[in-house]
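Each remark here refers to the structure printed beneath this line.
The values are calculated or read from the model by the stated rules, or taken from the named source; none is laboratory data. Everything quoted here is computed from the prediction, not taken from an experiment. In this analysis, Cβ positions are derived from the backbone assuming ideal geometry, glycine residues included, and neighbour counts consider all displayed protein chains. The protein model used for the area step is the full one, side chains on, heavy atoms only, and it has no ligands, DNA or RNA in it. Shrake-Rupley method; radii C 1.70, N 1.55, O 1.52, S 1.80 Å.
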Amino acid sequence: MIKAFDNFEIWFVTGAQLLYGGDAVVQVDNHSKEMVAGLNDSGRLPIKVVYKGTANNTHEVADVMAAANNDKKCVGVITWMHTFSPAKMWIHGLQILHKPLLHLHTQYNQHIPYETMDMDFMNLNQSAHGDREYAHILSRLRKPRKTVIGYWKDQKTQDHIAVWERVCAAWADAQDCLILRFGDQMNNVAVTDGDKVAAEQVLGYHVDYCPFSTVMEYFDKVKDEDVTALVHDVYFKQYTVADELKDEKSEAYRKIWNAAKAELTLRLVLEAFGAKGFTTNFDDLGDYNVEETGRGFDQIPGLASQRLMHDGYGFGAEGDWKSAALYRTTWFMSQGLEGGTSFLEDYTLNFDGDNTSILESHMLEVNPDISEEEKPRLEVHFLGIGIRKTQTARLVFTTKQGHGTTATVVDMGNRFRLICNDVNLIKSKPLPKLPVASALWIPEPSFEIGVGCWMQAGGTHHSCFSFGLTDEYWRDYAEIADIECCIINKDTDYERFRQDLRTNEVYYMLSKALR
């Protein structure tokens, strides 16, 4: 079990009815308990499954669904029809359920017992019948859900459930997710902006502005000895640092020390507000004469952003609150998976035939979790952009190689669109004159098609990357959120993708009109 998810539960509800008598319901109950225990003992599910009994009539269904809504530990509900469970009795309960739903189509026994099967066995083991009846009412109600089909003991079946469980946990986290904006969006940039009211209504994120005058109140609370301890006991031990940067009389050391104070300041602010993410803007670091007063950020808090991402805080550059929120979700789902996550930006292109790739980076803010180096380099270099054009501390590294996904959410005016692209990270050459953290990747199915589809869908230049997540996570996320989902992977055809976008446009226009 992943400790990060210890405070969550997934409820398991079995559908049955009293038509076949009380003894049959007892057997259904026993089978269900054994299955839930088996799922938990498999070691493949990150969240504990809790059996909530059989639902045999309309009132029992409604009661358990209402209880699921009101239980803070419950982040999702698995339903399975052991027998024929008439679906009209599920209508009211499904209508009131607000938690994510998974329909598990399986059965207790793996094989047909040809030699011994009789009518009693047939009456009891009717998942092939009951799950179709149940699926019909789900479709009739237009109920968003994930359907997992397979024998409950099979690893493949359990892995599909495990993916959905992680998404449920991230969805629950998003419903209590505050993003603080330290500064506004970059002027005239469209794709990083959006409707914050609609985002909270649809995705759960709450976005607030935090003025730098408030930030400075916490800046003044940071103790010098705590800053020095962070530099010497953490920075100098966790990262590779040149000896000249450790000279306390040098300007470079002072920049590192100031970066540490900025990190402690941001941590205090985020903790005080209960925020799970934040944005920065290099044109808004407070109107303070730092050199004269010594009060304020003397550089972009890039190092702080890198380290806070490592700890799970959402981050978006240039005021990109949608990326900050989605990064928090990306990180939350990825806990316990290998490879790491990061906020990234499309930087520049390398045209090289079939190996044409995109250099991913940002000015400073890339999560060291995806570094191929065990100890990234802590360096200080000039950064000539924004309100503070000055020497700036940052972690420098190149990323690991391998397969992953990168995702973004865009505001299309009448809906949110999730775009996900499978990418393959390849080895990058050194960048001796560009001392930043960077990745080099080739989008699937190819550079031309992958980038073409991303641009046709209106994707951002910022995205949230994970080595551990797959398309399935993002499909499940979009299904729970009930938003448009555009997946770009090895099977994507450019013209079909464009046609799907046109079809989606009609679907969402009609859907909105019908509501």
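If you go through segment 352-381 one residue at a time, how many are over 29 Å from the mean Cα position of the chain (by Cα) and modelled with pLDDT under 90? Break it down into steps so the answer makes sense when it comes.
Taking segment 352-381 and keeping what is over 29 Å from the mean Cα position of the chain (by Cα), we get 352-354, 379-381.
Next cut, modelled with pLDDT under 90 only: none.
Residues flagged as over 29 Å from the mean Cα position of the chain (by Cα) and modelled with pLDDT under 90 within segment 352-381 amount to 0.
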Filter segment 95-137 for residues that are assigned to a helix (DSSP H, G or I), in contact with a helix residue (DSSP H, G or I) (Cβ under 7 Å, 6 or more places away or on another chain) and free of Cβ contacts under 8 Å to residues at least 60 places away in the same chain and give the result.
ILE96, GLU133, HIS136, ILE137
May I ask you to list the residues in segment 476-503 that are in contact (Cβ under 8 Å) with a residue 24 or more places away in the chain and in a helix (DSSP H, G or I)?
ASP476, TYR477, ALA478, GLU479, ILE480, ALA481, TYR494, PHE497, ARG498, LEU501
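Looking at segment 138-148 only, could you name the residues that are open to solvent by less than 50 Å² (accessible area, probe 1.4 Å) and not in a loop (DSSP other than H, G, I, E, B)? Give the steps one after another, and end with the answer.
First pass over segment 138-148, keeping only residues open to solvent by less than 50 Å² (accessible area, probe 1.4 Å): 138, 143-144, 146, 148.
Residues satisfying the conditions are LEU138, LYS146, VAL148.
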Go through segment 335-348 and give me each residue that's touching a residue at least 24 places away in the same chain (Cβ under 8 Å), open to solvent by 20 Å² or more (accessible area, probe 1.4 Å) and at negative phi.
GLN335, LEU337, GLU338, GLU345, ASP346, TYR347
So, first residue at pLDDT 95 or above and open to solvent by 30 Å² or more (accessible area, probe 1.4 Å) in segment 1-21, second residue part of a loop (DSSP other than H, G, I, E, B) and among the aliphatic types (A, V, I, L, M), Cβ within less than 9 Å, six or more apart or across chains; the pairs are PHE8/ILE47; GLU9/ILE47
Only residues in segment 32-44 that are closer than 12 Å to ALA162 by Cβ count as the first member; pair them with residues that are part of a helix (DSSP H, G or I) and open to solvent by 40 Å² or more (accessible area, probe 1.4 Å), Cβ under 9 angstrom, at least 6 apart or cross-chain, and list the lot.
SER42/GLN155; ARG44/GLN155; ARG44/ASP159
Only unsatisfied item for ASP173, checking (1) assigned to a helix (DSSP H, G or I); (2) open to solvent by 70 Å² or more (accessible area, probe 1.4 Å); (3) under 30 Å from GLU345 (Cβ atoms); (4) touching a Lys or Arg at 6+ places or on another chain (Cβ under 9 Å), is (2)
Sole residue being within 30 Å of PRO100 (Cα to Cα), of a type in the set (A, V, I, L, M, F, W, C) and without any contact (Cβ under 8 Å) to a residue 24 or more places away in the chain, chosen from VAL202, VAL191, VAL197
VAL197
So which of GLU263, GLU318, GLU271 is over 23 Å from the mean Cα position of the chain (by Cα) and part of a helix (DSSP H, G or I)?
GLU263
Condition test on VAL215, is it at pLDDT below 95 and either of a type in the set (Ser, Thr, Tyr) or open to solvent by less than 60 Å² (accessible area, probe 1.4 Å) (or both)?
yes
Take the conditions β-branched (Val, Ile, Thr), touching a strand residue (DSSP E or B) at 6+ places or on another chain (Cβ under 7 Å), at pLDDT below 95 and open to solvent by less than 60 Å² (accessible area, probe 1.4 Å) and apply them to THR408. Does it pass?
no
Given the condition under 30 Å from ASP482 (Cβ atoms), open to solvent by 20 Å² or more (accessible area, probe 1.4 Å), among the acidic types (Asp, Glu) and part of a helix (DSSP H, G or I), answer yes or no: does some residue in segment 227-235 qualify?
no
Could you tell me how many of the residues in segment 33-70 are over 31 Å from the mean Cα position of the chain (by Cα) and open to solvent by less than 10 Å² (accessible area, probe 1.4 Å)?
1
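With the structure loaded, tell me whether LYS433 is without any contact (Cβ under 8 Å) to a residue 12 or more places away in the chain, surrounded by fewer than 23 Cβ atoms within 10 Å (Cβ to Cβ), out of contact with any Pro (no Cβ under 6 Å at 6 or more places or on another chain) and over 28 Å from GLU165 (Cβ atoms) or whether it fails that test.
Numbers: without any contact (Cβ under 8 Å) to a residue 12 or more places away in the chain: yes; surrounded by fewer than 23 Cβ atoms within 10 Å (Cβ to Cβ): yes; out of contact with any Pro (no Cβ under 6 Å at 6 or more places or on another chain): yes; over 28 Å from GLU165 (Cβ atoms): yes.
Judged against the criteria, LYS433 is a match.
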